Amino acid sequence: MLRAEDLLAGGAVLHAVTLPERLLPGRAEAERAVQLRALTVRDLKLISRASRDNEELAAALMLRQALVEPSLTLEQVHALPAGLMQILLREINRVSGITATEEEVLQALQDPLARASVLLSRELGWTPDEIGRLTMGEVMLHVAALRGGA
């Protein structure tokens with residue numbers, strides 16, 4: 001059984017990530033490596049409070065907080081190429097456990113309710129919020145109608 005100390009220790013683990021050569025051409029693999037740490041609940045709360053619905057600032061603060069080596073100032077983070085920023089954020093989300101893996105997404109799409117939601121969204125243009133307000137019976141009725149069964 002895991003102890004609380006074991007769970008909390010995960011926030012201190014450093015993750016080495018090698019950036020793609022296409023973004024840093026002419027550099028050896030070792031010269032394209034950065035060290036990231038997982039974001040904690042405390043980090044995410046502070047970032048959320050500081051960014052107040054500003055997605056660009058939230059992304060920059062996430063990168064600033066999680067990038068251990070090399071350490072960048074907020075101004076330097078804002079000066080990064082957009083593609084590099086996107087890759088770093090994807091890796092930060094991965095090491096922080098915020099993003100689902102491709103396998104998890106594919107497995108979730110096998111769920112009948114998820115498949116029905118995708119069908120309603122694709123065929124009727126409904127948003128997840130609109131679909132979420134439907135009862136199970138309404139979802140089944142709409143899916144049956146789309147498939148020609150009603």
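Rule-based calculations on the coordinates, nothing more; no lab input. Note that the structure is predicted; figures quoted are calculated from it, not measured. Note that we place each Cβ from the backbone using ideal geometry, even for glycine, and neighbour counts take in every protein chain shown.
Laid out as a table, the results:
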{"quantity": "0 to 90° range, to nearest 10: angle between helix 136-146 axis and the chain longest Cα axis", "calculated": "80"}
{"quantity": "Size descriptor, Kirkwood hydrodynamic radius, that averages inverse alpha-carbon separations across the chain, Å", "calculated": "18.7"}
{"quantity": "Residue with peak Gaussian network fluctuation, the chain [Cα springs, cutoff 10 Å], from Leu119, Leu74, Leu61", "calculated": "Leu119"}
{"quantity": "Tensor-based shape of segment 104-146 (alpha-carbon gyration tensor, a/c under 1.5 rounded, otherwise prolate or oblate)", "calculated": "prolate"}
{"quantity": "The chain: angle of helix 112-124 to the longest principal axis, Cα-based, in degrees nearest 10", "calculated": "80"}
{"quantity": "Folded to 0 to 90 degrees: helix 55-66 orientation relative to the chain principal axis, Cα", "calculated": "50"}
{"quantity": "Which of Asp111, Asp53, Asp43 has the fewest Cβ neighbours within 10 Å, and the rest in rising order", "calculated": "Asp53, Asp111, Asp43"}
{"quantity": "FRET E, pair Arg27, Glu56, Förster distance 22 Å, beta-carbon r, rounded to 0.05", "calculated": "0.25"}
